[in-house]
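S.K.: Sharing a structure, written as structure tokens. Questions coming.
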Amino acid sequence: MAACSSSFTFCNHTTLHSLPQRKTSLTKTHFSVPTKSSESNFFGSRLSHSSYISPISSHSLKSSIFAKVNKGQAAPDFTLKDQNGKPVSLKKYKGKPVVLYFYPADETPGCTKQACAFRDSYEKFKKAGAEVIGISGDDSASHKAFASKYKLPYTLLSDEGNKVRKDWGVPGDLFGALPGRQTYVLDKNGVVQLIYNNQFQPEKHIDETLKFLKAA
């Protein structure tokens, strides 16, 4: 059965004042937007017929380009609830390396691949003395179900409202329309030593962070 779609038409009126002999031109561009709920294997975000992407402001454009937490900087502390609803502070992990990865959402294809790849390599991270922490905007109940279903041995933190994501300046994709996928490696003093961003290859986050930890 062919997928149903809604078609939108946008008109772009352009008047060339410097060339009065030309008439106003009218161009039409058609975009098809899926009306069924769908998931992106690359972006790991849930999209539905009711999804709305607001116009991009200059502020959102800047925040998607310029990071607030950079390599060589002490990572700002935060406290969020884990998958069991218990508050967890980043400073709790001082004294050991931390692999902190921001991901778009639970149960999406790309994020599930990434989560399971961290699970499968968890012993390697432990051998390197590092703690693995995942963060998304899902609530604790969603994290608990996600961790239970895939037997994730590490902590998942609930950043509802994406406050920490915004405070850290994690860049989004499509000019901030989709939550970004970014991993930070902190040393035992809480200083950022590696920032890795790759939306399209979620499993590469594991390869790159392990390679860095082994070389450190």
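S.K.: Please report the net charge: other residues with Cβ closer than 12 Å to the Cβ of Lys149, K and R +1, D and E -1.
M.R.: With Lys, Arg at +1 and Asp, Glu at -1, the net is +1.
S.K.: A further question on this structure: For Ile195, Ile135, write out the residues from largest to smallest accessible area, computed with a 1.4 angstrom probe and no ligands counted.
M.R.: From most accessible down to least: Ile195, Ile135.
S.K.: Where a Cα-Cα gap under 20 Å defines reach, which aspartates and glutamates qualify for Lys166, not counting those fewer than 8 residues away within the same chain?
M.R.: Asp77, Asp82, Asp106, Asp138, Asp139
S.K.: Assign one of three labels to the stretch 114-165, namely rounded, prolate or oblate, based on the Cα gyration tensor with a ≥ b ≥ c the square roots of its eigenvalues; rounded applies when a/c is under 1.5, prolate when it is not and a/b is larger than b/c, and oblate otherwise.
M.R.: In terms of gyration-tensor shape, oblate.
S.K.: Quick one: which of Lys71/Lys126; Lys124/Lys204; Lys113/Lys211; Lys127/Lys163; Lys126/Lys163 span more than 26 angstrom between C-alpha atoms?
M.R.: Lys127/Lys163; Lys126/Lys163
S.K.: How many angstrom lie between the Cα centre of the stretch 82-104 and the Cα centre of the stretch 131-209?
M.R.: Using only Cα atoms, the two centres lie 10 Å from each other.
S.K.: Kindly state, to the nearest 0.05, the FRET efficiency for Asn162 paired with Lys214, given R0 = 45 Å and r defined as their beta-carbon distance.
M.R.: Result of the calculation: an efficiency of 0.90.
S.K.: Once the other residues with Cβ under 11 Å from the Cβ of Gln199 are scored (Lys, Arg +1; Asp, Glu -1), what is the net sum?
M.R.: +1
S.K.: Please list the non-local residues whose amide H lies under 5 Å from the amide H of Asp106, H modeled 1.01 Å from N, same-chain partners needing a gap of 5 or more.
M.R.: HN-HN under 5 Å from Asp106: Asp138.
The values are calculated or read from the model by the stated rules, or taken from the named source; none is laboratory data. As the structure is a computational prediction, the values presented were derived from the model and not from experiment. No Cβ is skipped: glycine too gets one built from the backbone with ideal geometry, and neighbour counts run over all protein chains shown. Accessible surface areas use protein heavy atoms only, side chains included; no ligands, DNA or RNA. Shrake-Rupley method; radii C 1.70, N 1.55, O 1.52, S 1.80 Å.
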